[in-house]
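Rule-based calculations on the coordinates, nothing more; no lab input. Predicted model, so just to flag it, every value in this text is computed and none were measured. When we count neighbours, we look across all protein chains shown, and the Cβ atoms used for this are built from the backbone with ideal geometry, even at glycine.
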Amino acid sequence: MLLSGCESMKGHEGAAVGAGVGAAGGAAIGAAAAGSGNRGTGAVIGGLIGGAVGGVAGDQLHDKK
């Protein structure tokens with residue numbers, strides 16, 4: 001089952017890279033924007049949103065090559 005999951009990513013490598021970069025960037029921005037008392041929550045929310053947006057953007061940009 002684990003190996004078949006990797007097989008389904010063929011053609012969507014940009015989505016994986018975009019999701020990783022988006023999650024890292026979103027977590028950093030979310031932590032900075034949340035303030036001192038809520039940095040963990042801000043990082044989690046920012047990471048989730050950034051990962052989703054980055055995954056879609058990476059997939060779209062990779063397909064245009």
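A few comments on the model shown:
- Estimated distance in nm for a label pair at Gln60 and Val17, the labels positioned 7 Å out from Cα along Cα-to-Cβ: 1.8
- Neighbourhood charge, 15 Å Cβ-Cβ cut-off, centred on Gly22 and excluding it, Lys, Arg +1 and Asp, Glu -1: -2
- For Ser36 and Ile49, the difference between the fully extended length at 0.36 nm per residue and the C-alpha to C-alpha distance is 2.7 nm.
- Derived scalar couplings between HN and Hα for region 24-38 equal 5, x, x, 5, 5, 5, x, 5, 5, 7, 6, x, 5, x, 10 Hz in order, rounded to whole Hz, by the Karplus curve 6.51 cos²θ - 1.76 cosθ + 1.60 (θ = phi - 60°), x for Gly and Pro.
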